[in-house]
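Single-structure report; data block below.
FYI, it's all coordinate maths here, none of it is from the lab. Here the structure is a predicted model, which is why all the values come from computation and not from measurement. Note that each Cβ is placed from the backbone with ideal geometry, even for glycine, and that neighbours are counted across all protein chains shown.
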């Protein structure tokens, strides 16, 4: 499935769904007022027929929502090929329920992230964020996902923009800890060792809230900063801690700088 085409299809469905909703409200309201003013009896039947058709289309849309839910379960289970097939089906199914289409767009970003298709994950995530209204935990989670994908794609500009934006917003403790890992990763790519050294004890406490691989990566990045700043003892101690949380091979995968802490 072509990601750009899928994004375009979902954005088109969101636009069409919004127009259908507004048009239906306007027409039904007009027919109702017309019937109240003594208009022909057919106007009431026409209004009833339009509302019935809209509800039928809504029920049809709910099927796509169920497919999207199945896709999320397949992604979580690591069955990406099956998730791709279900996602393609969900994208092709037209619907007028905005939250369901938004959920499909979000899961497309999650799927591309899980597949390691970083640039496409950034595109899908950015499309989702461009359609969101207000703040929500899903929006913050998507911004973190897009920032991570941008780092993996070496798109430092996008990563920096999202990291700065997230730092200015209220976040849950879990999301704040995830942001710390991304910030350390970004700073290491620019050689900002002094910034990475700021308030290390608090950072290590936050990292304990993340899953092992993320905690290990964050700890390894702080260890690297300590070695670069000439603090070999602390750097080696943190390096040992990092390898207890994540394998050495996984730590250096995509981050060759971390080889320095394993010497």
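Looking at 189, 210, just one residue is part of a loop (DSSP other than H, G, I, E, B) and either surrounded by fewer than 21 Cβ atoms within 10 Å (Cβ to Cβ) or touching a strand residue (DSSP E or B) at 6+ places or on another chain (Cβ under 6 Å) (or both), and that residue is 210. Number of residues in region 218-245 that are surrounded by fewer than 23 Cβ atoms within 10 Å (Cβ to Cβ), under 15 Å from residue 260 (Cα atoms) and under 29 Å from the mean Cα position of the chain (by Cα) equals 1.
Conditions (1) exposed (fewer than 15 other Cβ atoms within 10 Å of the Cβ); (2) not in a helix (DSSP H, G or I), marked per residue:
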{"residue": "138", "(1), (2)": "yes, no"}
{"residue": "160", "(1), (2)": "no, no"}
{"residue": "166", "(1), (2)": "no, no"}
{"residue": "171", "(1), (2)": "no, yes"}
{"residue": "177", "(1), (2)": "no, no"}
{"residue": "185", "(1), (2)": "no, no"}
